[in-house]
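K.L.:
Take a look at this one; I'll ask things after.
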Amino acid sequence: MSVPTIKRTVDMQIIAEWVAPRSRVLDLGCGRGVLLDYLKQTKDVFPVGVDLDFDKISACVRRGLIAYQGDMTAFMQAFPAAHFDRVIFSRTLEELSAPGAVIAEALRVGKAVTVGFVNHAYWKNRADIFLRGRKPLNPVYTTEWFESRPTNPVSIADFEHFCASQKIRITRRAHLSGNWKTPCGFAPNLLAGYALYDLTR
C-alpha cells in the first residue's frame, strides 16, 4: 500500500469512528468520493457530496453517490438548519477563499462538523522555511509553489484560536504524527503532521 493510500485510510478510519450509522452526511470538497463511498460502505450513511470539479463529480456518480457540482456555500444555503447530521471538510479547509464563513454555514446546516487539515506548523515545515527560505517541500507538502493550488496554510494553534474566538465547541480532536498514522499526544502544534477536529455550536 502506498504512503498516500495509508494516509487516506487512517484519515477515513478516524472520521468513520465519529460518524453515526445511517446518518445524513455532507462532504464539502468531496473529490472523487472516496471518503463518502467508505462511509456508505462502513456506516450505511446517506451521503451527499459537493465539489467544483466536474470530473470529480462524475467519478462520484460512477460510484453511485449523490454529488453536485458548484459552490459549497450556495449549496448549503438551500437547506434548513441542522438538515445534515454531519458536515465534513476533509483536506478542504486550506483551499477555501473564506474558510471562517464556510465553517459558520456548515455549523448552521449540520448538527456536527468534522474538519481535517495539514498542520502548517509541523516542525519539518518550519525547518524548510528557516533553513531553505522557501516553501516547504517534504512528505506533507509535496509540490513546488508553482504547482500548488491557492491555499490558506493553517496550524493547529491557528485553528484552535479560531474556534475559541468564534465560540465554536471542539467536542473531539485527533492529532497524527508526521507519518499521518500514529497518534501525537505531545506538543501537537510542533510534532503533528495532520489534525482532525469535531465541532459543534
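K.L.:
Which trypsin sites (Lys or Arg not before Pro) from the range 77-170 combine a DSSP loop assignment with at most 14 other Cβ atoms within 10 Å? Each step should come with its number before you reach the end.
P.N.:
Values: sites: Arg86, Arg91, Arg108, Lys111, Lys124, Arg126, Arg132, Arg134, Lys167, Arg169; in loops: Arg91, Lys111, Arg134, Lys167.
Sites meeting the loop and neighbour criteria: Arg134, Lys167.
K.L.:
As a check on your grasp of the helix formula, calculate [θ] at 222 nm for the chain: sum -39500 (n - 2.57) over DSSP H runs of n ≥ 4, divide by the residue count, round to the nearest 500. Before the final figure, lay out each step's value.
P.N.:
On the way: 8 runs with 70 residues, N = 201.
Taking each H run of at least 4 residues, the total per residue is -9500 deg cm²/dmol.
K.L.:
List, largest first, the extents of the alpha carbons of the chain along their principal axes, each in whole Å.
P.N.:
Answer, in whole Å and largest first: 48, 37, 29 Å.
K.L.:
Taking 0.36 nm per intervening residue step and subtracting the Cα-Cα distance, what contour gain separates Arg134 from Ala101 on full extension? Intermediate values should be presented prior to the final figure.
P.N.:
Details: separation 33, 0.36 × 33 = 11.88 nm, distance 3.00 nm.
Going from the current span to full extension adds 8.9 nm.
K.L.:
Still on this structure, I have one more. Mind computing the radius of gyration and Dmax over the alpha-carbon atoms of the range 25-106? Å is fine for both.
P.N.:
Using the Cα atoms of the range 25-106, the pair Rg, Dmax is 11.9, 32 Å.
Bear in mind that the values in this text are calculations on the coordinates, not laboratory data. If you're wondering where the values come from, they're calculated on a predicted model, not measured in any experiment. Ideal geometry is used to build each Cβ from the backbone, glycine not excepted, and the neighbour counts take in all protein chains shown.
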